[in-house]
1. Any idea how many residues of region 1-57 are under 24 Å from Thr276 (Cα atoms), within 26 Å of the chain's Cα centre (by Cα) and among the aromatic types (Phe, Trp, Tyr)?
2. Need pairs with beta-carbon distance below 6 Å; first residue assigned by TED's automatic domain parsing to the domain that holds Ile89 and of a type in the set (Phe, Trp, Tyr) and within region 276-287, second in a loop (DSSP other than H, G, I, E, B) and at pLDDT 95 or above; sequence gap 6+ or separate chains.
3. Report whether or not Lys238 is touching an Asp or Glu at 6+ places or on another chain (Cβ under 6 Å) and away from the ligand (no atom under 13 Å from the Cβ).
4. Based on what the data block shows, is Gly177 under 20 Å from Lys75 (Cα atoms), at pLDDT 95 or above and surrounded by 24 or more Cβ atoms within 10 Å (Cβ to Cβ)?
5. Scan Lys298, Lys314 and give me the residue that is over 23 Å from the mean Cα position of the chain (by Cα), at pLDDT 95 or above, basic (Lys, Arg) and in a helix (DSSP H, G or I).
6. Can you tell me which residue among Thr230, Thr150, Thr136 is within 10 Å of the ligand (Cβ to nearest atom), surrounded by fewer than 23 Cβ atoms within 10 Å (Cβ to Cβ) and of a type in the set (Val, Ile, Thr)?
7. Go through region 214-232 and count every residue that is out of contact with any Lys or Arg (no Cβ under 9 Å at 6 or more places or on another chain) and assigned to a strand (DSSP E or B).
8. Of all residues being charged (D, E, K, R) and either touching a strand residue (DSSP E or B) at 6+ places or on another chain (Cβ under 6 Å) or within 16 Å of the ligand (Cβ to nearest atom) (or both) in region 28-47, which is nearest to Ala396 (Cα to Cα)? Just the residue, please.
Amino acid sequence: MAIDIDSIRDDYPILKRKVNGQPLVYLDNAATSQKPQVVIDSIIDYYSNYNANIHRGVHTLSQEATRAYEQARKKIQLHFNANHPHEIIFTSGATHGINLVASGFTGRLNQEDEIMVSEMEHHSNIVPWQMLCEKTGATLRVLPMNEDGTLNMEAYEDLLSDRTKLVFVNHVSNALGTINPIGEIIQKAHGVDAAVLIDGAQACSHIKPDLLQLDVDFYVTSAHKMGGPTGVGMLYGKDKWLNELPPYQGGGEMIKEVTFERTTYADLPHKFEAGTPNISGGIAFGVAIDHLNSIGFKNIEEYENELLEYATEKLLEIEDLTIYGPSKNKTSVISFNIEGLHPYDVGTIIDQMGIAVRTGHHCAQPIMDFYKIPGTIRASFSFYNTFEEIDSLVEALRKAIKMLT
Ligand SMILES: *Cc1c(COP(=O)(O)O)cnc(C)c1O
C-alpha cells in the first residue's frame, strides 16, 4: 500500500488522545480536518520568530512575514494551477469568498436576469445568492437533484438560457459526498455566457482541481478542511473578473490613494484584501498544501476509496440502515439513517464510545427536504483513518441500536 498509515497518524498529535476513556475515532472530517504537526509548528514559528504586519514595513520582520505570506499565495496558485498569483485572494474561508463574489455582482444584475443554484448546496452557497436576488430583483433558479444524489443534468440544460448570468454549484457535496460533473457544468454555462462559481470547500482535501483546465470563473475553498487552520481560505477568480468586480470591503491595504474627495483602489490581489489578514493562517495554509502533496493526491484517493468501500459494505450489514447519495463517483463520506432511530441519539451514544460523527442537516436543509428526513448521521473519512476505526464505528452503532430499541 502506498500509504504508510502509522507514520501518517504520527503526524497528527490529536489522534493520540482519548475521548470518554476511549481512543478518539475522528470521523467528522467533512466538518473540519485535524491538523498535522507541521501546520501547528508553522503557526508557532510565525508568532515566535517573525510576527509582524505585512506589506508596509521596511524592517526585517515585516519583510520576512511578507515574503512567507506571498510565498504561500504562490504555492496555492501553483497547486490549483491558476495563471497568476494575483488571481488568488486570501479570504477567511469559503463562505467569505462566496459573499465577496455575490456582493460584487450587485450592480451587474437586473429583474430580467436569472442565477442558478443546485439543490445540493451548503447553506453558504444558497443564502448569499438569495440576498443578491433580493437586492437586484434577479430570479433564483434551482438545478434539481436525482433520487440517487446526483445532479439532474438534463434539467440543467433546459434551465440554462441567455437570461442565466451565474451558476454556482459545489464540486463535492458535503452532505452526500457526490462529486459533481463541474467540467460539463462550466462548459454548458459558458455556452450561454454565464459565469460559474464552484464551491470547492468539500473537494480540496480529496481532489486537486486544475483551475486552468476547468476554465472556471471563480473557485472557493477553506484551509481548515485541508489540514490547515480555521479562519483562512482562498477565492480564485479569473483576473478579468477580479478586475471588473468592485471591492468587497474598504479599509487599509486595499487602496492606492485616499483623499476625502476620492479613493483609488490597489491592484489585485490587494483590492480584495482590506485590513490586516490572517497572516499565520495564510502561511499555514501553504504548509497544509505541501503536507497533502507530500502524501500525494493519487495515494489519498486510492486509500480513501478503500476505506469508503469497506465502510459501505460493513454499514450495509446493519439491518434497516439506509445510505443516502450516490454509490459511485463520491468522496469518502457516508450519510445514513437507521430506521426508527433519531440521528442525534445515535451520535450522542457513540460519542460515549469515543466516536465523532456528525448528525443533523449538515447545513444542507434542501437535501434533507428532498429525502423527506430531518437529518442523517454522517461519517466522513480521511487518509489518516483506519479500517479498525471503521470496525469500531460499526460495533458502536450495533450497541447504540441495542440501547435505543
Ligand atoms: C464547509 C463547507 C462550506 C463552508 O465553509 P466555511 O469554511 O464554513 O466557510 C461551504 N460549502 C461546502 C460544500 C462545505 O463543505
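The values are calculated or read from the model by the stated rules, or taken from the named source; none is laboratory data. These numbers come from a predicted model, not from an experiment. Every residue, glycine among them, receives a Cβ derived from its backbone with ideal geometry; neighbour counts consider all protein chains shown.
1. Count: 1.
2. Filtered contacts from region 276-287: Phe285/Gly228; Phe285/Val232.
3. For Lys238, the condition - touching an Asp or Glu at 6+ places or on another chain (Cβ under 6 Å) and away from the ligand (no atom under 13 Å from the Cβ) - is met.
4. Working: under 20 Å from Lys75 (Cα atoms): no; at pLDDT 95 or above: yes; surrounded by 24 or more Cβ atoms within 10 Å (Cβ to Cβ): yes.
Considered against the rule, which asks whether it is under 20 Å from Lys75 (Cα atoms), at pLDDT 95 or above and surrounded by 24 or more Cβ atoms within 10 Å (Cβ to Cβ), Gly177 comes out as no.
5. Lys314
6. On the way: Thr150 fails: within 10 Å of the ligand (Cβ to nearest atom); Thr136 fails: within 10 Å of the ligand (Cβ to nearest atom).
Thr230 is the lone residue from the list that is within 10 Å of the ligand (Cβ to nearest atom), surrounded by fewer than 23 Cβ atoms within 10 Å (Cβ to Cβ) and of a type in the set (Val, Ile, Thr).
7. 4
8. Among those residues, the one meeting the criterion is Asp28.
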